[in-house]
Amino acid sequence: MKQLGIIFLILILGEFSNEISAQKKGRAVVCFQSDMDCADCEKNLNEYLRFEKGIKDLKVDHASNTIFIEYVEKKNDDKGFAAAIEKKGYKAEKISKEKYDELVAIAKDLHEHGQEVHQERD
Amino acid sequence: MKKSGILILIFLPFFAVSQVLEGVVYGNDKNKKQPLPGVNIYWQGTNTGVASDDTGTFKIRKANGNQILVVSFVGYETKELRVDDLTPLEIVLEPNLKLGEVKVVHKNRGTYLSAIDPIQTERINGAELHKAACCNLAESFETNPSVDVSYSDAVTGAKQIRLLGLEGTYSLLQIENMPNLRGLATNFGLTYVPGPWMESIQVSKGAASVLNGYESIAGQINAEYKKPDSQEKLFLNTFFGASGRLEFNGNGNIRVHKDMLTTGIFVHASDQSQKNDHNGDGFLDEPLSRQVQVLNRWKYNNHKGYMAQAGFSVLTDDRLGGQTAFERGMQPLVTNPFGISTENYRLEGFFKTGYVWPNQRTALAWLSNISQHETRSFYGLNHYDASETRFYGSAVLTRDLDMPGKHSVNTGFSFIYDNFSENLYNRQMERKEQVPGLFAEYTFKPGEDFTFMAGIRSDFHNLFGTFVTPRMHLRYNMGEHVTVRASAGKGYRTANVISENNYLLASARPIQWTDDIFQEKAWNYGFALIQYYTVWGRELQLNAEYFRTDFQTQLVIDRETSAENIILAPLDGQSWSNSLQFDLRYQPIERLDMLLAYRHNDVKQTIGGQLMEKPLTSRYKGLITFNYTTNLKKWMFDYTIQFNGGGRIPRVHEEWMDRTDISGDFFEFSPYTVMNAQITKYFRYWNIYLGAENLADFKQLNPVAAADDPFGPHFDATNVWGPVKGRRIYLGLRFNLNYE
């Protein structure tokens, strides 16, 4: 029981520290719409982009065809990331964070819908 | 979220002119296509979706705007296809072994338990192989709860693995699904498989499929090398151990003709030329060694059902151990220091090919390998020289008996040829094993949640006669969270009495044996229960398993009956192993993978007429591993702690041992703990790792008995139960370049 408590504590602290890092100063966010279409492309792009200069957080998603990047403002800019994505052969159309959230939500919704279809058939 | 879905539903199909697209969905189950019912098929960005019927068939309306078809099913990788016309589709889904996973950004978990395979199998992939430094198959199990690795003695550096508390010889070792590393390669074979060459390892416990032969009494370990048609272009690894170990590995893939004909070249070299004697007993803690190995493999795939692979490898391995003063080139004489020298030369080739008929219901495969191995060695004054030529060939025909693939059959034949020639104590031994065999296996799989597999084989051994091997496996998913497995089967094994036990020559007592070849027989029964739950948004996996192995005949090493000899004799009485294991896998905080495992070993054997605990075997093993990666996986931290239980040390009973002042330590070893840690920093094309093995520097005291008088009557370097080497710090670099 005591150990469970400790695990729980670590869990809370972990979440808390993530919260703090998300609000750090000097950070900027940029989102792109792309044309990956496949899970392997997502993986390749993710592998490449995570070593871009200044990058602090990255979400590449082929289902919604979106890329989310959080980075240190001084170290890189939107153009730098767009160039990196294009270098790998994919489209990099800059979109707003709102549009990004929307696209991700639609893709997720569809995915959940898919899961429901399966469960009904069981 | 629901609202936006409805919005799309309203807007999208307005201008659509519908046409109907048809197709069939199959699941790729062990390279066989099984029609998949209940698969979700929908157009990306729409809510137009259908599910496939019992034969895997589906029909979906295609509107003008619809282009990307998404095909998804729990337990399989989601597939997205660009569809431009109405040509009927045939879609094959690859199994996604993390059953029920919802695709978010995920850590690549190193080891996982399959929920689909009917046999209890742990899959160790590239991510896990990065957690331990290097360098070969023996060292790839340090973070694994099921496999124990130990030294067979204190002087040769030979390593043994144990599965279910039983020696590695009771597990079928395979490379690329073909039996390998047996006979003369038994003692050092695990070091012949360089870690960086491997793509993955599968460890399955209990009886294996009859397709792989009559062996595998405790389980089966299969190592897959990197494939020449993979994305990898070039990979290099260098390793520096603070104790003087140097390693270099590299492999490169060349696309000779598009992705149809590809070749891979692998090289490996390792060197230990620094003498280490940290416990000051005058004996090297590890032998000086040099190993060079080269492999070239080819793959042809016409992408229309035919595939062929072939390759060959060359290896030389040279070890020199014993007293620190013994130098290369010295003769084994009483007037010289005590030396142990082993030289191995090995040539290997393999060829495998397969064809899948266009109807996807029938497949034919051929697997074969050949090896030529030579050993020249001496242990003090005793010489052991041997050579072995071995061939293995197997043809398997796979056929689905009905359209949805509920019933399928594998049948075929195999042939083993093993020509052995060895010489010990000036006694020359020659023998030839020739074993043709026939096998058949039936699989019943009425749905995703149930598999029943029954197999039987009959082998016609030129020395041991005809014998029959029955095996059975069952898997059942009880609802979403629980998978149960049961297995039972018989196994046989040819014990090469001397070559497998020649490390016993590192003792003053000569080996006494009657037959130089012997057949071991055992039954194995197993039961496993795996549970998956989502706790605080992350998957918790619990596994409990029990395996029992019952030997009918066995070769027993008796070091306790006679003060003059170590006796290798057939079992007279009972011998068994009970193994009970629990694992828990979870991510307590994001990106921190945790594994807690505990195994209880109850291994008993009749030695010299008395049923007792098998010596030098830990009664339990506990393991905790942590793996943490930073957000973008630029840093990785690994920590492993192993708790090894105590056990029995074999001693020949002498009267003075009855004295009350003889401490219990003389007959028993105490529990001990080993820790490993590693830090890896990733860059785009390369990564660097720094680590330490045996961090707490735990060493077995006096691993060599009578080390000051190695030619005397009490010398013995075979009573080894714990680490001989202390803390070892290492540093390595890996470089890799991929095809786009």
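The values are calculated or read from the model by the stated rules, or taken from the named source; none is laboratory data. Bear in mind the structure is a predicted one, so any value in this text is a computation, not a measurement. Neighbour counts are summed over all protein chains in view; Cβ atoms, including those assigned to glycine, are modelled from backbone coordinates with ideal geometry.
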Worksheet, complete the sentence: Restricted to the stretch B:26-50 and to residues being on the phi < 0 side of the Ramachandran plot and among the basic types (K, R), the residue modelled with the highest pLDDT is B:K33
Worksheet item: Given the structure, is B:N687 within 14 Å of another protein chain (Cβ to nearest Cβ), surrounded by 14 or more Cβ atoms within 10 Å (Cβ to Cβ) and not acidic (D, E)?
Response: yes
Response to the item:
Contact list, first residue from the stretch A:70-82 and under 13 Å from A:R27 (Cβ atoms), second anywhere and of a type in the set (V, I, T), beta-carbon distance below 7 Å, six or more apart or interchain, is A:E70/A:V29; A:Y71/A:I55
Discussion item. Looking at B:G447, B:G455, B:G465, B:G437, can you tell me which residue is of a type outside the set (D, E) and on the phi > 0 side of the Ramachandran plot?
Written reply: B:G465
Worksheet item: What is the one condition in (1) closer than 15 Å to B:E215 by Cβ; (2) in contact (Cβ under 8 Å) with a residue 60 or more places away in the chain that B:V468 does not satisfy?
Response: (2)
Item to complete: Considering every residue within the stretch B:656-679, establish whether at least one is within 14 Å of another protein chain (Cβ to nearest Cβ) and either free of Cβ contacts under 8 Å to residues at least 40 places away in the same chain or over 26 Å from B:L505 (Cα atoms) (or both).
Response: no
Worksheet item: Can you name every residue in the stretch B:612-648 that is not in a strand (DSSP E or B) and not basic (K, R)?
Response: B:P615, B:L616, B:T617, B:S618, B:T630, B:N631, B:L632, B:G645, B:G646
Worksheet item: What about B:I624, is it modelled with pLDDT under 95 and hydrophobic (A, V, I, L, M, F, W, C)?
Response: no
Worksheet item: Would you say B:G305 is surrounded by fewer than 18 Cβ atoms within 10 Å (Cβ to Cβ), under 29 Å from B:E224 (Cβ atoms) and touching a Pro at 6+ places or on another chain (Cβ under 8 Å)?
Response: yes
Item to complete: Answer with yes or no whether A:K56 is within 13 Å of chain B (Cβ to nearest Cβ), touching a Lys or Arg at 6+ places or on another chain (Cβ under 9 Å) and of a type in the set (K, R).
Response: yes
Practice prompt. Please verify whether the stretch B:122-137 includes one or more residues that are of a type in the set (A, V, I, L, M, F, W, C) and at pLDDT 85 or above.
Written response: yes
Discussion item. Please verify whether B:S421 is in contact (Cβ under 8 Å) with a residue 60 or more places away in the chain, among the polar types (S, T, N, Q) and under 24 Å from B:A185 (Cα atoms), treating the condition exactly as stated.
Written reply: no
